[in-house]
Amino acid sequence: MLTPETVRALALSLPETDEHGHWGRPAFRVRKKIFATVFPDEQRAVLKLPLAEQARLAALDPVTFAPVPNRWGAPGWTGVQFDNSNEAEFSEFLKTAWRTVAPPNLALSG
């Protein structure tokens, strides 16, 4: 099972990633753009994914992956429950989220 500490370590291992609070929660940014926010008390994260990936994951496992309700889900923000995810799988989703917001020249290197 994932933990907030594992997610933090995975996120901070990505190039040019910084951690800053966002509405009282840990959030991870690349060049000031958020790609992941952790909700420690709820044991979940929210990742900025491409819409096609969001739809694919939600169709595959709607319990683990769910578009964020309201207007935030429309641009790709997707909730990921920790108890149903393994570290290797989550790491790939996190990298996808990072690439989604990173500038193109940096995304190609990461």
Check: Taking all protein chains as present, what is the carbon and sulfur share of the accessible area of region 1-55, in % to the nearest whole number, probe 1.4 Å?
Finding: 55
Notebook entry, point to check: Around HIS22, what is the net charge, scoring Lys/Arg as +1 and Asp/Glu as -1 over all other residues with Cβ under 13 Å from its Cβ?
Noted result: +3
Next item on the list: Would you mind calculating the gained length between ASP41 and ASP61 on full extension (0.36 nm times residue separation, minus the Cα-Cα distance), in nm to one decimal?
Entry: 5.0 nm
Margin query: Quick check on the chain: what are the equivalent-ellipsoid semi-axes from the Cα gyration tensor, as sqrt(5λ), descending, whole Å?
Written below: 19, 16, 14
Notebook entry, point to check: So what is the orientation-averaged projected area of region 1-64, using the convex hull of its C-alpha atoms, in nm²?
Noted result: 4.9
Notebook entry, point to check: What do you get for Rg/Rh over region 35-93 if you use C-alpha atoms and the Kirkwood form of Rh?
Noted result: 0.92
Item checked: For the chain, calculated [θ]222 nm from helices alone, where every DSSP H run of n ≥ 4 adds -39500 (n - 2.57) -> -10000 deg cm²/dmol
Check: Restricting attention to region 1-78, which chymotrypsin sites (Phe, Trp or Tyr not before Pro) occupy a DSSP loop and are surrounded by at most 15 other Cβ atoms within 10 Å?
Finding: TRP23
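The values are calculated or read from the model by the stated rules, or taken from the named source; none is laboratory data. Given the structure is predicted, the values throughout are model-derived calculations rather than measurements. Cβ: placed from backbone, ideal geometry, glycine included. Neighbour counts: every protein chain shown. Side chains are part of the model used for accessible areas, which takes the heavy atoms of the whole protein and leaves out ligands, DNA and RNA. Shrake-Rupley method; radii C 1.70, N 1.55, O 1.52, S 1.80 Å.
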